[in-house]
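Reading through the structure tokens given below for one structure.
The values are calculated or read from the model by the stated rules, or taken from the named source; none is laboratory data. Everything numeric here is computed off the predicted structure, so don't read it as measured data. Heads up, the Cβs are rebuilt from the backbone with ideal geometry, glycines too, and the neighbour counts pull from every protein chain shown. Only protein heavy atoms, including side chains, enter the accessible area calculation; ligands, DNA and RNA are left aside. Shrake-Rupley method; radii C 1.70, N 1.55, O 1.52, S 1.80 Å.
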Amino acid sequence: MTANPQLNRSGELTHLLSIEGLPAPILWQILDTARSFVNVGEREVKKVPLLRGKSVFNLFFEASTRTRTTFEIAAKRLSADVINLNIATSSQNKGERLLDTVDNLAAMNADMFVVRHAQSGAAHFIANHVAPNIHVINAGDGRHEHPTQGLLDVFTIRHYKHDFSSLRVAIVGDVLHSRVARSQIHALSILGCPEIRAIGPSTLLPRDIGALGVHVYHDMHAGLKDVDVVTMLRLQNERMQGPLLPSPQEFFKNYGLTPEKLAVARPDAIVLHPGPMNRGIEIDSSVADGKQSVILPQVTFGIAVRMAVMSIVAGN
């Protein structure tokens, strides 16, 4: 039995639960497969038959329009039947156990569950429970990880920068509450990025982030100097317990990405943001809409990356 619950006995990806611990060849397989799907959205018929006859259940115990929509589009482009369930307003509110919910849906001949949940580890918990023929993809769990977002971020970086081996990447803002940041850090490390920086106030950076090989900066100008990639993160006020910042305005003054701050990065640096954006809090509109922004291409690439993940796990 393999030690990694995401891999089968042959070392192939059968669930996507986290980036941490995945071998580099799996990440390259996902990125290369996604590249082949990018142009599907530009065709007159935006479909390929790889998941024809399969049923994909989007189980969103936590709201997320963008992630759910891109998973739905990705599954439909693979010709799957898609069932969207907003569990947050249904059976769970009536007191049903998580596994009872999953068992009932599995009895409807589900082939794949895309799971978003406020509790860290929920996707792992479900993957350990379902039958071997059902695949589970983590669409974000608590503060843990958001693996497909991390993958679409590194896909975007690869698209524009081609190679990870000499990049400096800065991740700015509320790293403490960001599952996206964790997934991106793990993915970049596995793919050979030599320098990853985390920039933010001490109240919004995990105490143990240095253990991941990340360089910590509390000064925006110092942290952005000569970087190739800037990932801005949303302030996740809904996850904060107690006041961690003086005010949003103070945060923007010190850590909001403005043209002046971006100017200390490399001239060809790209700007990413996983969304949703808070303009005027973590990013200035002139940057979000500027020539160095690749925020909208991220969304487009996200569909291709999620197509890749679903097609790979369904084939193993």
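The table that follows gives values for the structure above.
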| read-out | value |
| --- | --- |
| The chain, accessible area per residue, ligands and nucleic acids excluded (1.4 Å, Å²) | 43 Å² |
| Placed amide H near Ala80: partners under 5 Å, 5+ positions off or other chain | Leu51 |
| List Met108, Met277, ordered by accessible area with a 1.4 Å probe, largest first | Met108, Met277 |
| Within the accessible area of the chain (1.4 Å probe), percent carbon and sulfur | 50 percent |
| Fraction of antiparallel bridges per DSSP, the chain only, in percent to nearest 5 | 5 percent |
| Amide H partners (placed H, <5 Å) of Met112, local residues excluded | Ser55, Phe57, His135 |
| Tilt relative to the chain, helix 24-37 - C-alpha long axis, 0 to 90 degrees, to 10 | 80 degrees |
| Protein-only accessible surface order, largest first, of Lys46, Lys253 at 1.4 Å | Lys253, Lys46 |
| Cα centroid separation - region 264-291 against region 6-65, whole Å | 27 Å |
| Size of charge dipole - region 97-241 - debye, nearest 20, with Cβ of Lys, Arg +1 and Asp, Glu -1, no other charges | 200 debye |
| Tilt relative to the chain, helix 65-77 - C-alpha long axis, 0 to 90 degrees, to 10 | 50 degrees |
| Calculated P(r) tail over 26 Å for the chain, as whole % of Cα pairs | 45 percent |
| Cα shape, region 1-139, gyration tensor, a/c 1.5 rule | oblate |
| Magnitude of the charge dipole, the chain, Cβ model with Lys/Arg +1 and Asp/Glu -1, debye to 20 | 400 debye |
| In sequence order, calculated HN-Hα J values of region 166-179 (Karplus, 6.51, -1.76, 1.60; Hz; x Gly/Pro) | 10, 8, 10, 10, 10, 10, 10, x, 7, 5, 4, 9, 9, 6 |
| With Cα atoms, 0 to 90° folded angle of helix 147-161 axis to the chain main axis | 50 degrees |
| The chain: relative contact order in percent, alpha carbon pairs under 8 Å with at least 6 residues between | 21 percent |
| Net charge, Phe252 excluded, C-beta distance under 9 Å - Lys, Arg +1, Asp, Glu -1 | -2 |
